[in-house]
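The values are calculated or read from the model by the stated rules, or taken from the named source; none is laboratory data. Note that this is a predicted model, so its numbers are computed, not measured. We place every Cβ from the backbone using ideal geometry, glycine too, and count neighbours over all the protein chains shown. Surface accessibility is based on the protein's heavy atoms, side chains included, excluding ligands, DNA and RNA. Shrake-Rupley method; radii C 1.70, N 1.55, O 1.52, S 1.80 Å.
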Amino acid sequence: MIKWAGRLIVFFGAAHTISALTVEQAWRHFGAWFSGELWGNDFAEMSPANSAWWLSMDSFGIPLILVGLIVLWLDRRGIRPPQFIGWTLGIWTIVGAVVLLPTPWPIPLVASILLLVGARRADRAPHSGATQSEL
């Protein structure tokens, strides 16, 4: 369950970032991003280049990829990811679903549930006798 949660988290983050760059064509603003055009840009009156930046490269996609990879890394080493990751991801997902319903929020919600259930099962499983430092 933990492995599937990590995979789903990586998938969701990658899918968001890649679709923002391609489907939403954020890539068209690369020149503006690297020319300093966004410096001092007003958030209240966001330019198309700034909006594309926040939708793609500075969105939640890349941090979610990182969180998912950390979950997978921990799982490969037999370390149970902390439950706060599942709880935080779940609460954040629910808030996002309430604010902006037409999003694929069920994917990270399923990942959150898998992570929490997997962590609970790992807590109940008999330990192999190895200490945390030996893993």
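Taking only protein heavy atoms and a 1.4 Å probe, the accessible area of the range 1-60 is 64% carbon and sulfur.
The long axis of helix 2-22 is offset from the longest Cα principal axis of the chain by roughly 10 degrees.
For the chain, the solvent-accessible area of protein heavy atoms averages 65 Å² per residue (probe radius 1.4 Å; ligands and nucleic acids excluded).
Remark on the chain: ratio of C-alpha radius of gyration to 2.2 N^0.38 Å is 1.28.
Considering Cα pairs under 8 angstrom that are at least six residues apart, work out the relative contact order of the chain and quote it in whole percent. The normalised contact order for the chain reaches 37 percent. Dipole magnitude for the chain: computed about the Cα centre from +1 point charges on Lys and Arg Cβ and -1 point charges on Asp and Glu Cβ, it is near 800 debye. Projecting the Cα positions of Leu101, Trp54, Leu66 onto the charge dipole of the chain (unit charges on Cβ atoms of Lys, Arg, Asp and Glu, taken about the Cα centre) puts Leu66 furthest along the positive direction.
For the pair Leu101 and Trp39 in one chain, pulling the backbone fully straight at 0.36 nm per residue adds 19.2 nm over the alpha carbon distance. Pairwise inverse Cα distances across the range 1-66, averaged and inverted, put the Kirkwood hydrodynamic radius at 12.6 Å.
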